[in-house]
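Reading through the structure tokens given below for one structure.
The values are calculated or read from the model by the stated rules, or taken from the named source; none is laboratory data. Computed from a prediction, not measured in an experiment: that's the story for all the values here. All Cβ positions, glycine included, derive from the backbone under ideal geometry; neighbour counts span all protein chains shown.
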Amino acid sequence: MSFIAISGVDLIYGNQREGGNERGTLALADVSLAIERGAFVSIVGPSGCGKSTLLKLVAGLVAASRGEVRVAGAVVTRPLKIVGMAFQNASLLPWRSIAENVLLPLEIVEPYRSRFKQDRAKNRARVEELLGMVGLSGFAALLPWQLSGGMQQRAQLCRALIHEPEILLLDEPFAALDTFTREELWGALQTLYRNRRCTVILVTHELREAVYLSDTVHVMSARPGKVIATKAVDIARPRALDCTFRPDFVALVQELRHHIGMGKAS
């Protein structure tokens, strides 16, 4: 059985019953996905197709209207503690240092919270290790406003990984950044993935990003979202930016773009 198994899922927002019928907005329709442990997959598709909703289903933040989501064989019925999440905005607390921001999940989530004080030295070492992986060594004591947007996003990735989650969910974490900073962060994320090897699901509108980072890219149609294409990325790791100019890389990006266009029209 796959580590993450999404089977025949519908999701209806604003769901109400009227005369025996369900009324509301059908966000996802008959979505099925199988993701192996340790894989890096991307979800792409037009705006409003339900990509972010899929992440919420996996995390246990919303429940399917039909079908089921399983993680490690168990049906997801509540928020999962084995999940780390990062979003488009870093949302670092401005009054806390970078190290204190990274440590935040360990302060508020059990079972880490109950032993936070006794594990202080180990936790600090973990923070330094993660910051070093993303090129932020020496910045732990600074406040968020003293870092660039790209550096703040690096810190957010570290915060999402501080509790060593089995699943990392990324909802367009680089969308607000310029192209050069974004490409630098591809390298930082690739380093984190190679070192931590958790299962990663990335939602993005940037097709080059999806191909560069992923083992597999899933394409969704316009709402109601459904998976209309799945493409494997057969490029060896570690990957360098030069590979984005290879004919096979460019061809795969164009194929994904074609599927998205067809998905909008369907």
*Residues satisfying the stated conditions in the stretch 36-52, i.e. surrounded by fewer than 24 Cβ atoms within 10 Å (Cβ to Cβ) and among the polar types (S, T, N, Q)*: 47, 52
*asked:* If I ask for residues that are aromatic (Phe, Trp, Tyr) and over 26 Å from residue 52 (Cβ atoms), which ones from the stretch 81-119 would you list?
replied: 95, 112, 116
*Would you mind stating whether residue 174 is in contact with a Leu (Cβ under 6 Å, 6 or more places away or on another chain) and farther than 27 Å from residue 206 by Cβ?*
no
_I'm trying to understand the selection: among the residues of the stretch 83-116, which are part of a loop (DSSP other than H, G, I, E, B) and modelled with pLDDT under 95?_
87, 88, 89, 90, 91, 109, 110, 111, 112, 116
*Out of 230, 181, report the one residue that is of a type outside the set (Asp, Glu) and out of contact with any strand residue (DSSP E or B) (no Cβ under 6 Å at 6 or more places or on another chain).*
181
*Which of the helices (runs of 4 or more DSSP H) contained wholly in the stretch 162-266 include at least 2 residues that are touching a Cys at 6+ places or on another chain (Cβ under 8 Å)?*
247-265
_Restricting to the stretch 10-52, name every residue that is within 18 Å of residue 203 (Cβ to Cβ), among the polar types (S, T, N, Q) and either out of contact with any Leu (no Cβ under 6 Å at 6 or more places or on another chain) or modelled with pLDDT under 95 (or both)._
32, 47, 52
